[in-house]
1. For residue 61, what residues show an amide H to amide H distance below 5 Å, using hydrogens built from the backbone and excluding near sequence neighbours?
2. Place the peptides 84-91, 44-51 in order of packing, highest mean first, counting for every residue the other Cβ atoms within 10 Å and averaging per peptide.
3. Using modelled amide H (1.01 Å from N, peptide plane; none on Pro or chain starts), what sits under 5 Å from the amide H of residue 76, excluding residues fewer than 5 places away?
Amino acid sequence: MTAYVCPPQLDNAYPDFGEDMLRRLDKVIADSGLSPGRFARVAGISAQSLRHTHRMAGRSMPALGTLSAICVAHDVSMNWLLFGRGAESLTDAGFCQVCVPSLGHAA
């Protein structure tokens with residue numbers, strides 16, 4: 001898995017990016033009522049990928065495939081998850097599950 005370092009412009013524009021994204025991710029996991037391992041499985045990712053995303057928040061940009069899988073499986077807007085902007089739900093943001101590609105991740 002490749003770790004992407006946050007570009008400087010992202011760090012400057014969103015200085016608390018990692019901590020804020022981590023809080024939102026924790027909220028999504030808690031709201032799901034699932035254990036972190038089950039949450040990951042529903043998204044079609046490994047528990048290890050979820051732990052890595054959690055551990056690296058703020059130090060590197062999360063993997064797009066991991067975030068996409070979480071967002072599609074758990075009806076979360078990536079814009080909200082990453083930046084706290086817009087509606088939390090994909091549905092509330094005007095997207096439907098059929099409209100959002102799953103990038104090959106099975107739920």
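1. HN-HN under 5 Å from residue 61: 4, 5, 6.
2. On the way: 84-91: 14.8, 44-51: 16.6.
With the highest mean Cβ count within 10 Å placed first, the list reads 44-51, 84-91.
3. Residues meeting the criterion, in which the H sits 1.01 Å from N, are 90.
Every number in this text was worked out from the coordinates using simple rules, so none of it is lab data. The shown structure was predicted, so the numbers you read here are calculated from the model rather than taken from an experiment. Note that we place each Cβ from the backbone using ideal geometry, even for glycine, and neighbour counts take in every protein chain shown.
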